[in-house]
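One structure is given here, and the rest of the page talks about it.
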Amino acid sequence: MKNKLSFSSYSVIGVMLFALFFGAGNLIFPATLGQSAGTSILPAVVGFLITGIGLPFLGILAIGFSGSRNLQELASRIHPVYAVIFTALLYLTIGPFFATPRTGAVAYDIGIAPFVSDGYAQIGLFIFTLLFFVITMLLSLNPAKLVDRVGKILSPGIIILLLVLLVMVIVKPMGSIESPQGDYVSGAFMKGFTEGYNTMDALASLVFGIIVINAIRAMGVTSTRGVLAATVKSGFVATALLGIIYVGIAYLGATSTQMFGLFETGGPVLGSATSYYFGTFGTIMLSIIIILACLTTSIGLISACGEYFHTLLPRVSYKMFVGFFSLLSFTIANFGLSNIINYSIPVLMFLYPLAIVLMFLTFLSPLFNHSRIVYVAATIVTFMISVIDGLKKFCDLLKIPYFEWMSPIISLYKETLPLYSEGLGWLVPVLIVILITGAIGRIKNLSTSHA
């Protein structure tokens, strides 16, 4: 049994962790942020990094710290029924509802759209995503080492291509950085903070965490303290790589606005920048790498969702789930990348606070003797606020009036909850509830032990 790993071992696990989190879809969000944030890029990027890489890191640590075998077991500390609903919804979010369709849409936007005229854009998207998800389904039905091998080649390929591109951006910027747009004018930090939700990596970390923990244990580290130490050090490697790429792409986006104007999504930003620096050859190289990277991500997500739901409903075969999720992903992908991103926001505004609070509770759990009352109370309070935030975003998205019963609740929240306008209205109430119920839990435990 070992308590420590060598630096090379930390590096190997760190790169693996980076590869788990870093999908080609993640490239588009810092690019969009950079374009819109402009001269407010610094606070915007700091906010983005907190939720884009900080929370996923905490999620991995939470799984290791808890000792749970998976997310459902961890969430069952609240209630077994809640655990199934929360885990299923999380898998659907990082799977066929949003993240998997996004892989197809991103692959088309970056890899194919530059070569298709506007008049054929929709039919081009249909044909490409049909082929994309048929291949996803076929390879997901028989997950082979081929996919892992391709992924191991692609990750370094993307990193090298991006680093070359980012060096060119620093050496020869496309233009000067423009003024901030929209919410970035007065609230750049908080806008960047909520933009980090779009990566969905904090949600994915609660699923991927066990993969990292098992990899560390396979190297001979079995003690909880040793696993956590190895996770922290490996996490720094992954975090550094992600941080460099996110900051670089955000800067690329900020310097591209003067040359190309504002784009609706980040895909055309990267495509245009690559074409600007490297011409048609560079665009083709980027297209091939991005399409293959998106494909391996899509296969991984569909396979993970198929396995989870087959475990949940064993009467339905894994192959049936793979086929259904592939078809659903293909259908949603054809709504286009901007729609997929927009309609994911209400769901993320609802799910993210619940996931963050579960992480907090996991770390604080020993302080209140793992009392279920703390888990339940904190989750109920979070749910009451985050579900309203999600519905509010949904109404704003559709440009419809708030439901009648919602208006007085929103008014009450605005008047009484600190940070509500910044999207963090749940934070202070949850901390207060944890303090109160945590004290009750400790007193109950002491009373039981003295009885």
* All positions within the range 248-286 that are in a helix (DSSP H, G or I) and of a type in the set (Val, Ile, Thr) -> ILE249, THR255, THR257, VAL269, THR274, THR280, THR283, ILE284
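Collect the residues in the range 69-98 that are in contact with a Phe, Trp or Tyr (Cβ under 7 Å, 6 or more places away or on another chain), more than 16 Å from LEU328 (Cβ to Cβ) and crowded, with 24+ Cβ neighbours inside 10 Å, keeping them in residue-number order.
First, the residues of the range 69-98 that are in contact with a Phe, Trp or Tyr (Cβ under 7 Å, 6 or more places away or on another chain): 75, 77-78, 91, 95-96.
Next cut, more than 16 Å from LEU328 (Cβ to Cβ) only: 75, 77-78.
Matches in the range 69-98: ALA75 only.
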* Close pairs from the range 317-344: first under 13 Å from THR93 (Cβ atoms), partner surrounded by fewer than 16 Cβ atoms within 10 Å (Cβ to Cβ), Cβ under 6 Å, at least 6 apart -> none
* Answer yes or no as to whether GLY438 is closer than 20 Å to GLY187 by Cα and either assigned by TED's automatic domain parsing to the domain that holds ALA188 or in contact with a helix residue (DSSP H, G or I) (Cβ under 6 Å, 6 or more places away or on another chain) (or both). => no
* Working only within the range 175-217, note down all residues that are among the hydrophobic types (A, V, I, L, M, F, W, C) and either free of Cβ contacts under 8 Å to residues at least 40 places away in the same chain or not in a helix (DSSP H, G or I) (or both). => ILE177, VAL185, MET200
* **Selected residue [out of contact with any strand residue (DSSP E or B) (no Cβ under 7 Å at 6 or more places or on another chain), at pLDDT 90 or above and among the aliphatic types (A, V, I, L, M)] from LEU20, LEU42** => LEU42
* Structure fact -> In the range 312-331, anything among the β-branched types (Val, Ile, Thr) and surrounded by 21 or more Cβ atoms within 10 Å (Cβ to Cβ) is listed as VAL322
* Can you name the number of the only condition in (1) on the phi > 0 side of the Ramachandran plot; (2) crowded, with 20+ Cβ neighbours inside 10 Å that LEU358 fails? -> (1)
* Could you check how many residues of the range 99-122 are surrounded by fewer than 24 Cβ atoms within 10 Å (Cβ to Cβ) and either of a type in the set (Ser, Thr, Tyr) or outside the structural domain of SER303 (by TED's automatic domain parsing) (or both)? => 2
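Quick one: in the range 370-392, which of the residues that are out of contact with any Leu (no Cβ under 9 Å at 6 or more places or on another chain) and not hydrophobic (A, V, I, L, M, F, W, C) is surrounded by the most Cβ atoms within 10 Å (Cβ to Cβ)?
Within the range 370-392, the match that is surrounded by the most Cβ atoms within 10 Å (Cβ to Cβ) is ASP389.
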* Structure fact -> Within the range 423-432, residues under 14 Å from ILE356 (Cβ atoms) and either assigned to a helix (DSSP H, G or I) or touching a Phe, Trp or Tyr at 6+ places or on another chain (Cβ under 7 Å) (or both) come out as GLY425, LEU427, VAL428, PRO429, VAL430, LEU431
* To do: Any chance you could count how many residues in the range 412-451 are of a type in the set (Gly, Ala, Ser) and either modelled with pLDDT of 90 or more or surrounded by 12 or more Cβ atoms within 10 Å (Cβ to Cβ) (or both)?
  => 6
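The values are calculated or read from the model by the stated rules, or taken from the named source; none is laboratory data. Bear in mind the structure is a predicted one, so any value in this text is a computation, not a measurement. FYI the Cβ positions are ideal-geometry reconstructions off the backbone, even for glycines, and counts take in every protein chain you see.
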